[in-house]
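Colleague: Sharing a structure below in structure tokens format, with a few things to ask.
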Amino acid sequence: MKVLLINGGPHKSGVTAEALSEIATTLEKEGIESEIFWLGNDPVASCIGCGVCKKNGKCFRDDAVNRINERLGEFDGFVFGSPVHYAACSGALSSFMDRLFMSSSSKMYMKPAAAVVCCRRGGASAAFDEINKYFTINCMPVVSSQYWNQVHGSNAEQARQDEEGMQTMRTLAINMAYMLKCMEAGRKAGVEIPAPPAVVRTNFIR
Ligand SMILES: Cc1cc2nc3c(=O)[nH]c(=O)nc-3n(C[C@H](O)[C@H](O)[C@H](O)COP(=O)(O)O)c2cc1C
């Protein structure tokens with residue numbers, strides 16, 4: 001079983017990277033493979049709502065969104081990590097998740113997921129809520145920890161000093177591993193994942 005850990009921040013070796021590598025190390029101890037994917041610093045275009053991905057199964061912009069889309073089948077669980085930028089997740093991660101979930105939400109359906117947010121001081125809860133909403137609109141079991149998944153610091157060294165934050169990452173990894181193992185045991189015992197619902201789509205005027 002394998003978990004994809006996405007670093008949506010501008011620093012390849014910053015606070016978010018440190019938080020995600022703590023998760024990766026703990027997952028390995030629990031017998032679960034993982035891969036860290038850094039979004040990088042090229043601009044990530046936002047979703048233009050053209051609907052092309054609904055027909056083609058991929059975004060018309062052939063960038064990192066499609067690279068991950070093509071590989072989603074390899075992964076059993078997901079962690080989306082971001083620095084807090086003005087009490088929200090990074091603009092890059094927001095655009096990336098908009099387009100990934102618009103084009104390939106079915107490939108992540110019922111797969112456990114977690115958000116990780118990193119900040120110097122404040123806004124972590126708001127960014128945490130923002131990321132979690134992608135999971136809970138897509139029937140993805142949300143993996144929790146002993147605290148909201150946040151690590152504080154301005155650089156990797158400070159992140160390591162956030163002992164409670166780092167422990168929160170380890171607990172999250174242990175819980176992710178447990179959930180993946182439970183789901184696999186369930187599958188082996190014949191417990192099927194529910195079929196995706198035929199969504200009744202309404203809005204507020206009809
Ligand atoms: C554009 C921008 C906005 C930021 N906004 C916040 C904020 O709202 N709250 C906060 O505590 N830190 C804020 N920070 C600091 C980063 O969240 C913090 O340094 C983070 O740990 C960096 O993670 P990284 O090394 O993975 O990029 C901001 C940084 C940038 C670049």
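Please treat every number below as a calculation from the coordinates, not as lab data. Because the structure is a prediction, the values reported are computed rather than measured. We place every Cβ from the backbone using ideal geometry, glycine too, and count neighbours over all the protein chains shown.
Colleague: Enumerate the amide H contacts of F60 below 5 Å, restricted to partners 5 or more residues apart or on another chain; note that Pro and chain-start residues carry no placed amide H.
Modeller: Under 5 Å from the amide H of F60: C53.
Colleague: Could you derive backbone 3J(HN,Hα) for region 37-42 from the dihedral phi with the Karplus parameters 6.51, -1.76 and 1.60 (θ = phi - 60°), listing whole Hz in sequence and x where the residue is Gly or Pro?
Modeller: Result, rounded to whole Hz: 10, 8, 5, x, 10, 6.
Colleague: Amide H to amide H under 5 Å from K2: which residues, 5+ apart in sequence or cross-chain, H placed 1.01 Å off N in plane?
Modeller: D76, G77
Colleague: Roughly how many whole Å is it from the C-alpha centroid of region 57-89 to that of region 11-32?
Modeller: 17
Colleague: Enumerate the amide H contacts of V151 below 5 Å, restricted to partners 5 or more residues apart or on another chain; note that Pro and chain-start residues carry no placed amide H.
Modeller: For V151, whose amide H was placed from the backbone, the distant partners under 5 Å are V117, C118, C119.
Colleague: Sticking with this structure for a sec: Which Cα, out of V15, H152, A114, lies furthest along the positive dipole direction of region 2-188 (beta carbon charges, K/R +1, D/E -1)?
Modeller: A114
Colleague: Relative contact order (percent) for the chain, with alpha-carbon contacts under 8 angstrom and 6 or more residues of separation?
Modeller: 24
Colleague: Give me the extension gain from R121 to R201: residue separation times 0.36 nm, minus the current Cα-Cα distance, reported in nm with one decimal.
Modeller: Using 0.36 nm per residue and subtracting the Cα-Cα distance, I get 24.8 nm.
Colleague: Determine, for each peptide in 178-186, 90-98, 122-130, the mean count of other beta carbons within 10 angstrom over its residues, then list the peptides with the highest first.
Modeller: 90-98, 122-130, 178-186
Colleague: Translational diffusion coefficient of the chain at 20 °C, 1.002 mPa s, Stokes-Einstein with Kirkwood Rh over Cα pairs, in µm²/s as a whole number.
Modeller: Value of D from the Cα-based Kirkwood radius: 123 µm²/s.
Colleague: Separate question: Mean residue ellipticity at 222 nm from the helices of the chain, using -39,500 (n - 2.57) per DSSP H segment of n ≥ 4 over the full residue count, to the nearest 500 deg cm²/dmol?
Modeller: -13000 deg cm²/dmol
Colleague: If the only charges are +1 at each Lys and Arg Cβ and -1 at each Asp and Glu Cβ, what is the size of the charge dipole of the chain around the Cα centre, to the nearest 20 debye?
Modeller: It comes to approximately 800 debye.
Colleague: Out of all DSSP beta bridges with both ends in region 2-188, state the antiparallel percent to the nearest 5. Can you show the working numbers first?
Modeller: On the way: 1 of 22 bridges.
Antiparallel bridges make up about 5 percent of those DSSP assigns within region 2-188.
Colleague: Here's another thing I want to ask about it. Under 18 Å Cα-Cα from K29, which lysines qualify once same-chain neighbours fewer than 8 residues away are excluded?
Modeller: Leaving aside lysines fewer than 8 places away in the same chain, those within reach of K29 are K2, K181.
Colleague: If I model a spin label as a point 7 Å beyond the Cα along the Cα-Cβ vector, how far apart are those points for E164 and A189 in nm?
Modeller: 3.6
Colleague: On to the next question. For a quick protection proxy, order the peptides 109-117, 23-31 by their average other-Cβ count within 10 Å, most packed first.
Modeller: My ranking of the peptides, most packed first, is 109-117, 23-31.
Colleague: Past the 17 angstrom mark, what percentage of all C-alpha to C-alpha distances in region 25-128 do you count?
Modeller: 57
Colleague: Going by how many other beta carbons lie within 10 Å of each one, how would you line up T16, T136, T171, fewest first? Intermediate values should be presented prior to the final figure.
Modeller: Details: T16 31, T136 11, T171 18.
Result, fewest neighbours first: T136, T171, T16.
Colleague: Right, next: Residue-wise, which Karplus ³J(HN,Hα) couplings in Hz belong to region 121-133, taking 6.51 cos²θ - 1.76 cosθ + 1.60, θ = phi - 60°, and x for glycine or proline?
Modeller: With coefficients 6.51, -1.76 and 1.60, one gets 9, x, x, 5, 5, 5, 5, 4, 4, 4, 5, 4, 5 Hz.
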